[in-house]
Amino acid sequence: MAEDGKSEPAQPEQEVNRRAFFTRLGLGSLGLAAAGTLSFSYQYMSPNVLYEPSPIVNAGNPSKYAMNSVTEDRVTAIYLIRVQEGFFSLSAICTHLGCMTAWRPDLGIIACPCHGSRFTRYGKKIAGPAPRPLPWYRTWLSDDGDIMVDRATVIPPMQFLRI
Amino acid sequence: MAGKFDLYLDRMTKSRLWRSIFRSGSGDSSLHRAQKIQQNVFLHILPTKVRRRMLRLDATWYLGTLTLGTFMVLVITGILLMFYYHPSVPQAYADMKDLRYVVSAGLFLRNLHRWSAQAMVALVFAHMFRVFYRGAYRPPREFNWVIGVILLLVTLLLSYTGYLLPWDQLAFWAITVGTNIAKYVPLIGPRIRFLLLGGHLVNANALLRFYVLHCVVLPLAAVLFIVVHFWRIRKDGGLYAEQSQADGRKPADTPSLKSVEESVAVAEAVEKR
């Protein structure tokens, strides 16, 4: 057995000669350098400062929105909607694959031209492949009396801005 | 006339300058012709000898060679298009329109680039179907099939990244939808999209990233894998030839070949038991 065997040959995996040691050292340093390069590349490719438009939109004075109206802004990709309960803002970006939806006044629904998803004016999905309803954005009244919309903050639905 | 031309040709190929460039020397012997391939840096990855019947149209339909041809057209026309194209917003769209309406031969080059891209994708698929249905992917060629699948992916990525560059509505929404599909990858999906676009929107960063991928990164990857793909043809024993029948008849057609394979498979299964 291993305890009493004097002539027992050394275990091959325990024996490290000079060549094997340097091979491992070399491969180890190369692996470390590769991991560093990978992490460095990942950080380099992720921009830290983005020159994208501000998520906060000034939607203007509430009086310009008629009762029961849906106003779409294609530049900021939001809907500003006024109903009896108050004002609210929806994202116009379809939750399926990011196409710009459009308000269809003839049908009274929001429809996506890409893959046929349909939503009510409250963002609820009626038909199509969209996995989620259109998100509601946080809205508030600025000190100047304008409706402000924050496209970066999604709120639970049915929270109206009452004026 | 022809005699004189041959004389000059002979004198040229025997000159010291010629011999300093082409070490294989002149001569039409089998050895010389093999050396011409073997000792040339561009040709040495190819087999020095090819079976005569493998050069016939019905052996391969030349689908791989045609794919390479479209790729070379794409590289040349692509480089020429780069002389007029700025990958910036909104200049890219204006440059595309300039190529169409203002630049001499711009319309021709842009259309050639676009149609060759469509043809290349179609030819890659045709080539793969051909290889698959002829069984040319089987050992010892199985690794070259894997290289081929990588080349298919590189081709599709080249096609996709090139789609954004005109910076028109079609480009914008195709990339919006495409990168949103990437977002569906579990856990890292949104991160992949962010890295691809260099932001959250299809914007100036995305255009520049797709431009660099389309003009530098992916073509380099394609060339690298094309070289390995061709070299492997030689290493794996040349182009795949169907098995000839003992009586010298035409190689068996698919149905009877299938029955042979089935009987071999059955025999092997029995043997394993």
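Annotations
- Across peptide A:93-100, the average count of Cβ atoms from other chains found within 10 Å of a residue's Cβ is 5.
- Förster radius 56 Å - calculated FRET efficiency between B:I192 and B:L17 (Cβ-Cβ, nearest 0.05): 0.55
- Convex hull of the protein assembly as shown built on C-alpha atoms - directionally averaged projected area, nm²: 43.2
- Comparing the stretch B:61-236 with the 2.2 N^0.38 Å rule of thumb, its C-alpha radius of gyration ratio is 1.12 (two decimals).
- Average projection, convex hull of the Cα set of the stretch A:12-51: 3.3 square nanometres.
- Sequence of B:F22, B:F172, A:F119 once ranked by neighbouring C-beta atoms within 10 Å, starting from the fewest: B:F22, B:F172, A:F119
- Using 0.36 nm per residue and subtracting the Cα-Cα separation, the extra length available between B:D6 and B:V223 on full extension is 74.4 nm.
- Ranking A:V83, B:L239, B:L196 by Cα position along the charge dipole of the protein assembly as shown, where only Lys, Arg, Asp and Glu carry charges on their C-beta atoms, puts B:L239 farthest toward the positive end.
- Helix A:18-45 axis, angle to chain A major axis (alpha carbon atoms, nearest 10°): 10
- Residues with amide H under 5 Å from that of A:F87, placed H, sequence gap 5 or more: A:L161, A:R162, A:I163
- The ranking of A:M67, A:M45 from fewest to most other beta carbons within 10 Å of each one's beta carbon is A:M67, A:M45.
- Note on chain A: GNM, Cα springs under 10 Å; of A:R151, A:R24, A:R74, the largest mean-square fluctuation is that of A:R24.
- Kyte-Doolittle mean at least 1.6 and Cα axial length at least 27 Å: DSSP H helices in chain B: B:63-82, B:142-164
- Residues with amide H under 5 Å from that of A:R151, placed H, sequence gap 5 or more: A:I56, A:V57
- Using the Cα coordinates of the stretch B:136-223, the gyration tensor eigenvalues translate into equivalent-ellipsoid semi-axes of 28, 16, 11 Å, sorted from longest to shortest.
- The tail of the calculated P(r) for chain A, taken as Cα-Cα distances beyond 21 Å, holds 62 percent of the pairs.
- Considering only the Cα atoms of the stretch B:1-157, their convex hull presents on average a projected area of 14.6 nm².
- From least to most packed, judged by other beta carbons within 10 angstrom and beginning with the fewest, B:K235, B:K4 follow the order B:K4, B:K235.
- Chain A: relative contact order as a whole-number percent, Cα under 8 Å and 6+ apart: 18
No value in this document is a laboratory result; all are computed from the given coordinates. If you're wondering where the values come from, they're calculated on a predicted model, not measured in any experiment. Using ideal geometry, Cβ is built from the backbone for each residue, glycine included, and neighbour counts are taken over all protein chains shown.
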